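In what follows, a structure is listed as structure tokens, so that the remarks can point back to it.
Please treat every number below as a calculation from the coordinates, not as lab data. Note that the structure is a prediction, hence the values are computed from the model and not measured. Positions of Cβ are backbone-derived with ideal geometry, glycine not excepted, and every protein chain shown enters the neighbour counts.
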Amino acid sequence: MHKRPIRAFTVVELLVVIAIIGILMALLLPAVMAARERARHVECLNRLRNLGVATLSFETSKGRLPPLREFPKAPFVAPDHWDDAERNYTSWVHALLPHLEQTTISDEIANRVRANPTDPNVAAVQYNVKVLTCGSDLIDAPVARLSYAANGGRPNAASPGTAGSYDWQANGVFADRLKGRLDAHRVYDMTTGDIKDGASNTIAFAENVDLISWNRCASEWEVAVLWQPQLPPTIGLNQNAGHGMLNADYARPSSRHHGVFNVTFCDGSTKAISSTIDYRVYALLMTSHGARARTPGVSGEAAPVPAWQEGVLDEGAY
């Protein structure tokens, strides 16, 4: 009997098999990456929705929306006007912690403030809170990472303590309670009832890749997105560098999701908004009462509609 010779792969055949496997992997990998990004995108929307629910819960318990920033007493109870000796800047995140099932962190901050009322760093606890970060962001550093910013309205007109430094109620949603402490004006309490443009048409929170951490807020743009009346703005929507640039020019919605950024509206709903949205529509979505939006520091009760708003697209066109 003759034994049939055993035939092995030739080098050429082996290379062909490896090439086919490589092609299949090259075709499969983008699909896998796209599926992962889609999952992160959905997770991001869910976390923003949680922020919206927590905000409405805060309003139910306090009778007002959380502040953008404030000088807290212990616990977080703020007067109408501020004492310069209180230097613990805390943000909307600190206010929402108990409503995000983070009571332990909130209590630790309150105890620190109670023990060290004039230490400006006492509220800067070093905790990462998962609901405050988008999975598509770089979350390995720093500690207390923040991916989401609150609607701060127009940029503040001046430094705290100077005339005309407070925010106008119609310009945004979250009142910057650090402003107006030396003005002859009461620091107002914002509620969803003050949102005359409709809660489903007014942004509460938006992604911003240039934020650093939630435990610092010496400036409003460290925890807020803003809008400017000039067109075009210095930095457009979803055009940020993502390198932790902290100034008003970079306080714009931005994300690492392709072609969109996620937002929460004041009714708690969420939406992915196209990066190509008209900037004027974005500005209207940021105002709580667009017909009365105005520049901080201008006297008088009402302000005319800015020229750039005339004939603008309806707020629903996004």
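Provide the packing ranking of 251-262, 57-68, 11-22, i.e. peptides ordered by the mean count of other C-beta atoms within 10 Å per residue, highest first. Please list the in-between numbers first.
Details: 251-262: 22.2, 57-68: 17.7, 11-22: 10.0.
Order by mean packing, descending: 251-262, 57-68, 11-22.
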How much length is gained if the chain between Arg36 and Ser61 is pulled fully straight, taking 0.36 nm per residue apart and subtracting their Cα-Cα distance, in nm to one decimal? 5.3 nm
At 7 Å along Cα-to-Cβ for each site, give me the label-to-label distance between Ser274 and Val143 in nm. 4.4
Placing each pseudo-label 7 Å from Cα in the direction of the beta carbon, Asn116 and Ala218 end up separated by a distance in nanometres of 1.5
What ranking do Val53, Val173 get, fewest neighbouring Cβ atoms within 10 angstrom at the top? Val53, Val173
Mind listing the long-range amide H neighbours of Ala224? Cut-off is under 5 Å, sequence gap 5 or more, other chains count too, H placed in the peptide plane at 1.01 Å from N. Ala150
Taking θ as phi - 60°, what are the ³J(HN,Hα) couplings along segment 36-49 by the Karplus curve (6.51, -1.76, 1.60), each to the nearest whole Hz, with x for Gly and Pro? 5, 5, 4, 5, 5, 5, 5, 4, 4, 4, 5, 5, 5, 5
For Ser213, what residues show an amide H to amide H distance below 5 Å, using hydrogens built from the backbone and excluding near sequence neighbours? Leu146
Starting from the Cα of Val16, step 7 Å along the direction of its Cβ; do the same at Glu108; then give the gap between the two resulting points in nm. 6.3
Residues meeting the amide H criterion for Leu178 (H placed from the backbone, H to H distance under 5 Å, 5 or more places apart or on another chain) are Arg69
